[in-house]
Structures are given as C-alpha cells and as structure tokens.
Amino acid sequence: MKVRVLNYIPKESFIHSLSGTTKLIIFLSFSFLCGLSFDTRVLLFLLFLSVLGFSLSRIKLSEIRIMSTFLVVFIVMNAILLFIFNPEYGPKLYGSRTLLFHIAGKYDMTLEQLFYQFNVSLKYVIGFPIAILFISTTNPSEFASSLSAIGVPYRVSYSVSLALRYIPDIQRDFSEISQSQEARGIALGKDVGFFERLKNSAKILLPLVLTSLSRIDEISNSMQLRSFGKKKNRTWYMKKKMTVNDYLVIAFCIVVFVVGLIITNQGGNNLYNPFVG
Amino acid sequence: MKNNSVQKVVATGIGAALFFVLARFVAVPSGIPNTNITFQYAAQAVFAVIYGPVVGCLSGFIGHVLTDMSWGGVWWTWAFATAVYGLIVGLFAKKINIRDGNFSKNEIITYVLANLVANVVAWGIIAPVGDIVIYKEDANLVFTQGLIAGAGDFLFAVVIGGLLLYGYSKTIAKSGSLDKE
Amino acid sequence: MEPIISFRNFSFQYNAQKNPTLKDINLDIYPGEKVLICGASGSGKSTLGNCINGLIPFSFDGKISGKLTVDGIETKNSSIFELSTRVGTVLQDPDGQFVGLTVAEDIAFALENDCVENETMKRQTLLSASKVNIENRMNNAPQDLSGGQKQRVSMAGVLVDDVKILLFDEPLANLDPATGKSAIELIEKIKNETGTTVIIIEHRIEDVLWERVDRIILMDDGRIVSDSSPEKLLRSSLLKEYGIREPLYITQLKYAGVDLNNVEGIDSIRTIRLSEADKEKVRNWYARQDREDKTNVNDYLLEVENVDFKYDESEQILFDINTKIKKGEMLAIVGKNGAGKSTLCKVICGFERNYNGKIIFDHEDVTDKSIRARARNIGYVMQNPNQMISQSMIFDEVALGLKNTGLSEEEIRERVYDVLKICGLYSFRNWPISALSFGQKKRVTIASILVMGPQIIILDEPTAGQDFRHYTDIMDFLDELNREGKTIIMVTHDMHLMLEYTDRSLVFADGKLEADKSGSAVLCDPELVDLADLKETSLFNIANMTGIDDPVDFVDCFIAYEKKERSHES
C-alpha cells in the first residue's frame, strides 16, 4: 500500500524551480499577512498574487480536486454557521447597518454582515492556493533544509523530516493492528456504545503507541551511529542553490508583507471599513 | 536507554507522525452527528508525559501543521494552541515519573489536572482569542467552539491517554528487577 | 600485527539487570579479518557488537569494567561520534535505520551531519551507492524498496565514511533466502574491495558460511566459549551444545558416520570435497532409512477460487489464485518479499475486502462474511506480538476475544484456562505480559487466537529472528496443535521450517502461485528455487555429490531421522 503524505506534484515550472526556502518564505509571509489583515484591498491583492502563483505552477485544478472540494464545503458550512450564530456581527463590527431584506425571526440580511462574511471567506480562500502552492511544488525532502535556512534549529527541522518519513510506516502499523484487533471483536463501529468505543480504541491505540515508542530507540541509535548531533550545524543533500530569481522573489515577498501591514493598520485597526466616511 | 537529545529529536518526529496519522485517517463516530472521537491529543499527551514539554509541544505543532497542510490551509491559531497544550501537559509531567513504571493514584490525579489546565488554556483562551484577534470571528462562536473542542479533547485525552499511559507503565521493567530465567 | 579491536578482561552490566551481560571477555580482532560472532539469544553477542560501535556506553546505561580499544582508542574515553567514523554499523531492522526520505538522502546522512559541502557530498554519495549497486534508485522512498534494497542502502550509508570496521548485526534476520545469500556475497565483495575488517553477528551459520569466514567466535551466557577456525568449530559438537543450528550438510555427514577430520573444505557446501569412501557412507545411511506412510485425509477445509487482488490505483498483487487446503494440514507459504504471500492471508481472513474470486470455508462460501465472522473459523497471528498485545495481564489478553460473545465469566475463565494449559502458560496466568520473553509473548498471542476456537490458524513468520532453541520451542508447540487437529498455515522465509514441519508448500512469485508440493520437492527444484528467491538446501548438494538419484526422498529421510534423534535427546 503506497501512501502519499502530502500532495507533491513534480513538474517543470517557474515556481517549481525556486528553492524550497523561497517557497517557504512565500508561504509564511503570505499566510501571516492574510491572517493579520482584515483589509479587503490587501486581501484581494493577495488573492490575485496567489492565483497568479498558482497558474505559474502549472498545477491543474483537477490534480487537487479532493482538497478543493473539501475547502468549498468548509467555507459554505462556516459561512452558514457564522450567520446563524450572530447575524448582527457585521453591523456591530462596522458600526453601521444597511438592511437588505428580512429573512425570519431575528435574522435580517444586512450589507455589513454580507461584507464581513465575504472578508472571512476571502481569508480562507486565499489560504488555500498559498498552502497548495507550497505543498504541491515543494519536494518534501526540501522541507527540513528550508526550515533550517530560515533559522529553525536543525534538530527541530530534522524532526519534521522524520515525521514525513515515518507517517506511511505508522499508517501501515495502524491498519494492521486494527485489522487484527477487529478479528478479536474489538470494533469501533456504530454498533457498540460510546464508552465501549472509547475503551476499544485504547485497545487498538496501545499496541500502536508501544510500537511507535519502540521505533524511537532504534531510530535514535542508528542516527547516533551516523553522527547525528555531532556538530553545531549540518548540511543538507537536497538543498537547492539559491538563484537570482530566488532573491528577487524573497525581496518581493518582504515588500508585499511590509506594505500590506502598513496599509492594513492605516486606520488604527486591521479593518477596512467602506461604510464609514 | 539514556534519555538524550537525539532521542528527543526522534520522539518529536515520531510523535508528529503519530499525530498526523491519528488526525488524518482515524475517525471514530462519537454518536453526535458530524462529530468524531479524535485520538491525536491523547497520543500527544502520552508523548508529552514520557518525553517532556519540548517534545509534547513540538510534536503536536508539527503534526497539526502537517495535517492542516494536507487539507490545504493552515489554521495557525489552533496549531499554536495544540503546541501550548503539549507544553503544559509536559510541564506537569515532571511530577510523573512514568519511566520508572509509576502510574497510580497520585500520577493519575496530576495527569487529569494537567489536562484540565492545558485544555482550558489552549482551547478556552489561546485558540478563541487568536481567532477573535486574527479572524475577527464572533466571540460567542469561537468560545463555544473552544468549549466543545476543549471538553472533547479533555475527555478523550484523559480517558484514552490515561489508559495508554497505564498500559505503557506496565511494560516498564523496574530498575534492577530483571533476572535471567 | 596490532589488533584493531581488543577486549581485555572486559565486562558489562546493564543498569536494569541483576547480572552482567558480558563477563570477562578477552578477544583480539586483527585488521582485514572477517569474523563471525554467533550465539543463542541472550548470549551477549549483540551487546558485544554494541560495545564495539559505542552504543555502549554512550546510549545504553550500564557498568563497564576492563578495557576495550578500537583502532587504538579506548572506547570509554571516546565518543560515539569518534567511534562512528571508524566503525560502520548495519543494524538488524531495515526500517529503523532508513531515516532519509529517499535513498540518496539516507546514504548522505552521515556526510550531512559532518557538514560536508554539497558538491563533494553528491559525489561521495553516488560512489557509495554504486558500491552496493543501488545507484539507479537514488530518488526512491523507503516504502518503494524491498528489505534487501533497504539493507544495501544502509551499507552504503556507512561506507560513505571510509570506515575501517564494518559491523553487521543479524543481517539475515529480515531477508528472504535468496536476498540473504546476495547480502552475504555483497559483504564479501565490499571486504575485498575496501580491505575493511568485517564482523558479522548472526546465528544462521550455514547462510553466513556461503562465503569464507576467517574465524568464528561462539558465545554463551556472556562468555566466549570458542574462538576458532570454521573448520575446527564445525568438526566439534559445540554448536549443538550451545543451541545453534549446524549447517545441514554437516549434521547429515555426522549422521552418516563420516569422519569430518579427514574431509577438506567443510566450512562451505561450495568447497567441501568428499572422498569415495565418505560418499559410500552417505549412500549406506540413505539405504538404511525406512519411510513412514502418511495418512491421507480428503476433506477440504478451505478453498480459494480464482482470487485476484489489487489495492486502489496500484499494481495487481494476486493473479488468479486457486488452492485447496485439507483438514489437519500443516502448510507453508513461501516466496520472495512482496510476492503476495501476506496479501493472500489477509484476503483469507477478510482483512482485505476488495478482491475478486471466492473463499470457501468448510463447504460454505464466506466471501461476503466480515472479519469478525471469519475469525471464529480462521485465526491470524501477526509476526510481531507487540502489535497484538493490548492488555497488561496474560489472562486478560487471552480473554479479550471472548468478551462480548455472550459467554458468562465462568465459561470464559474455563476456556482461557484450557487454552493456557495447552500453551504451557497456565502457571504464568497471573503474570504481567511485560515480564515475558519474546517467545512467550508469541505464545500468548497464539493463545489469544486459539481461545476463539478457530479450525485454521494462519501465522505470519512465526519464527523470524528466533534462535534455534526458541525456533524449536515455537515449532514443536505448533506441531502439537496440528496433531490435535488444527490446520496450520505459515508464511515463512525459513527454508528449514518448511522442510521440517510442513506437509506441503505453496510457492509464490510475483503474485502467482507457482508451485504446490512438499518442501523437499520445492528445494530440490533449482528452477523453482530461482524463480521464487528461495535457497537450495545443502542436502540437495550432498545428494547430487554422492549420486543419489532421488534427492527429494533423501531430504525427507534426513528430516525424519533428525526428528527421531531429537526426540531421543529430549
């Protein structure tokens, strides 16, 4: 059984040719800006950039169908939930109330609520191409060296690499263990009660956790036997050389990030408010 | 085995991998519609108790970010809350000498207490406040979400994590007690 | 010449143990030597290896007394890093030591840690990879490699360091027979090319001796009990005494009364030269054997019809499998790694649902039955007992499968006690499982399956990694269950298990069932052996050498004779 942990899609493209470090910087600066800003203009510009990046990567929508379906479902659910929970949040946030139409009971549709929910959804939408861009165009083997390049200690970076390495093995362990326990009647399905299900899951998880723990000793022995932790630093086989393009893109990210933050915080908070003045 | 720094690197990686597998592929229906029993926090708590706060914190954080990335979008505030959860359980665990094979009344009380504090801080404060500040979400909504998530994680981490730790403690040979048969 | 490794009055005791694991070791190993260290489980052979590579004392806690120098440095005062540039270790578990995401990264691991600059690193990595012929797999993930390939990557990973000593800890434990043979050949090739000192820790002597070894160190209970040339050790009876299996051809020649002192080249089946008189002795022994008739049952218990299987979007794993298994048979499934052996078992147990074809149990079609429903008739025992055990007490673990079956506490206790008695675990019934040895844990898992009363028990590699004594314990127990009427199916790489304990073997290669005949017939068929990555038995060579025209029958006679001998001894 072959399992792909993250959906890396190797291709020839401008984005693919950038080093992992650059892509990590794009990913982090854009997602942080997207997180920190509630300014519609900044968010729209980020959306434009991430869609541009996405088209440059030559990744086809059909290749990420499952993820995009999940995103659409999530955004719709979240929007409905937001509205049901507090339809008056938008007006409160923007300090004005423009009634569009009445729905039922306490539920009115206001322009402010629509605009607020548009911004929230926009933030989720932007996060998606940014993450997909990083995952689909960066070889997982480059993750660790990229993290190390932006200043994460190499021991922590290597933990990330080890996690990616052993996810398929642990997944295989899990499926084998649960099959053999199921044969002994340890079921997790709907036909057993809630607390029984909790107890049964511990019976499957215990062998899984113990097997995983026993891996730790073996792996750390073998890493020590090959000098892991010997020096203050380490080099990375999969690290790509930085090119002029990389430096240009990094400079661009920094400019976008800084300017984006400045625009966002112009009005004293991170909100863009078209309803006042 | 000596508890050295390389071992912590590996424990972080394996802990994160386990977190990922449990979060991504293992969902057991809880009986409430659209809500699943999740085990990743129980596993994270076990790693935090055995290997300490740093491993508890980083393995959860890495596991959480990788899981989110595989769905296509990282929820940083919640990932950060996961990290804090592991950190706090790990800090309490300094009082639990699980490596000596002890996990009885006092240790269990400490473990439950650790989970109570960690869940309140992570899901009751950090995650919702982060969502309010960053995503401008409605306070009522995010605190309700935090309460549900925290209560669920507390229950599963205490019951399942507790059973796992109990099982683990039984596999440890007491120092100097092994004799050849 | 100065020894490269030198133990002087060396002892070691783990902190968790009452007694020292190594006792007063004195041993010199010289540069360029190839040394085999053997001994039963718990003899201290792996601990000895861990002292040489520095895991002791730098990773395991314990007390050292005496002195050990490796390449001129005393290990106590050194560090694991200093030692690792001198000693390259290939560990037993291929997955534990493959830490990179791809082959290239894993080979380069030690260089990365040594801050070697990128260009040099790529060159050295490729060079090492080509030494072990893995250079065209550089971008593969470990999940895409076989056990043998992973082991070669591990070898390349230590060769990047220009080590002076290569240490192999049970290199054959996880490999199919043919791959084990090529591993031994590769070790010899590397030794010849690089001139390194080679130390192999292994209890499967005959397989290691496929290539020349200079010296064999035999350990028992933490001490060295023999340190001699292979010829001298094979002529003695020490191996048997200390629970190690002799090469089969040696045992056979001893049975035939051949005086091994006068035979040349006895350290390998490839070099042995028998005189005419000795050949006559073998033929005479063969002529003296009488044969037992086997009773034939003709009722089929399990029928597999036209089974095809593939995982989603991957290559097909099983192609049109048809086989029938009789009541009371003891059966081996053999073949190379990934040939579909385990998959077939999972299909039979219902773990894998997505197949075409039919599974018929006791004349009833169970194709659509659930895992749980099939488990009442067909039990499955996993290779690693730790993957099955979820309770801390033996009684609870065995009773687990009976919970929720509607049986009363009383009935459950009775059935569990019965099974524990059969499994020789009754006196341990209130013990914690953590206090048991690997073999005893295996018995617990077998008991936990047996208690559900299945007629068929399927075991995945029941004896993997076990020394001769534990192997015999487990197999004799299974044999007993078989005589009491259980049908037993085993997936195995152990050719001797197949010969000694099974009536019939299913041979798999690349997802197809290639043969269905007795173990002896399989191993006397060179083409089949080649196709399924098995390994010929040296008894076949002896039969050929001595001109016996029915080698299959010769092998059967040997196995029958050996069983009788063993029952006399015990």
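Read the figures in this text as sums done on the coordinates, not as results from a lab. What you see is a predicted model, and the numbers here were worked out from it, not measured in a lab. Using ideal geometry, Cβ is built from the backbone for each residue, glycine included, and neighbour counts are taken over all protein chains shown.
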Checking rank on A:59-65, A:41-47, C:532-538, with mean other Cβ inside 10 Å and highest first, the result is C:532-538, A:41-47, A:59-65
Between the alpha carbon centres of the range C:484-498 and the range C:174-216 the gap in Å comes to 27
Order by protection proxy (mean Cβ within 10 Å, highest first), peptides C:411-422, C:201-212, C:339-350: C:339-350, C:201-212, C:411-422
Using the alpha-carbon centroid of each, what span in Å lies between the range C:25-51 and the range C:354-376? 50
Separation in nanometres of the label points that stand 7 Å from Cα toward Cβ, at B:N140 and A:R41: 3.4
What does the average come to when, for each residue of peptide C:90-101, you count the partner chain Cβ atoms lying within 10 Å of its Cβ? 6
Over 30 Å between Cα atoms, which of C:K486/C:K563; C:K23/C:K232; A:K60/C:K150 qualify? A:K60/C:K150
Using Cα-Cα distances under 8 Å and only pairs 6 or more residues apart, what relative contact order does the range B:5-170 have, in percent? 24
Local electrostatic count at A:T21 - Lys and Arg +1, Asp and Glu -1, tallied over other residues with Cβ under 12 Å: +2
Could you calculate the FRET efficiency of C:K369 with C:S146 from 1/(1 + (r/R0)^6), where r is the beta carbon distance between them and R0 is 45 Å, rounded to 0.05? 0.85
Can you pull the mean other chain C-beta count within 10 Å for peptide A:153-160? 6
In whole Hz, with x marking every Gly and Pro, tabulate ³J(HN,Hα) for the range C:76-83 from phi via Karplus 6.51 cos²θ - 1.76 cosθ + 1.60, θ = phi - 60°. 3, 8, 9, 9, 5, 6, 4, 5
What does the helix-only formula give at 222 nm for chain A: each DSSP H stretch with n ≥ 4 adding -39500 (n - 2.57), the total divided by the residues, and the result rounded to the nearest 500 deg cm²/dmol? -22500 deg cm²/dmol
Determine the shape class of the range C:1-93: with a ≥ b ≥ c the square roots of the Cα gyration tensor eigenvalues, call it rounded for a/c under 1.5, and otherwise prolate if a/b is greater than b/c, oblate otherwise. rounded
Exercise: per-residue mean of other protein chain Cβ atoms within 10 Å, B:154-163: 3
Could you list A:K232, C:K67, C:K281, C:K122 so that the one with the fewest beta carbons within 10 Å of its beta carbon is first and the one with the most is last? A:K232, C:K67, C:K122, C:K281
List residues of the range B:73-92, by number, whose backbone nitrogen lies under 14 Å from a label position 7 Å along Cα→C-beta of A:N78. B:73-79
Helix-derived mean residue ellipticity, 222 nm - over chain C, DSSP H n ≥ 4, -39500 (n - 2.57), to 500: -11000 deg cm²/dmol
Between C:K517 and residues 5 or more places away or on another chain, the pairs with built amide H atoms under 5 Å apart involve C:S505, C:V507
Using Cα pairs closer than 8 Å and at least 6 residues apart in sequence, work out the relative contact order for the range B:88-181, in percent. 38
Once you have a ≥ b ≥ c as the square roots of the Cα gyration tensor eigenvalues for the range B:55-95, tell me rounded if a/c is under 1.5, and otherwise prolate or oblate according to whether a/b is larger than b/c. prolate
Summed over the other residues with a beta carbon less than 14 angstrom from that of B:T144, with K and R at +1 and D and E at -1, the charge totals -3
Going by the alpha-carbon gyration tensor, a ≥ b ≥ c the square roots of its eigenvalues, is the range A:1-88 rounded (a/c under 1.5) or, if a/c is not under 1.5, prolate (a/b greater than b/c) versus oblate? oblate
Note down the net charge around C:I321, summing +1 for each Lys or Arg and -1 for each Asp or Glu among other residues with Cβ under 9 Å from its Cβ. -2
For a quick protection proxy, order the peptides B:158-165, C:84-91 by their average other-Cβ count within 10 Å, most packed first. C:84-91, B:158-165
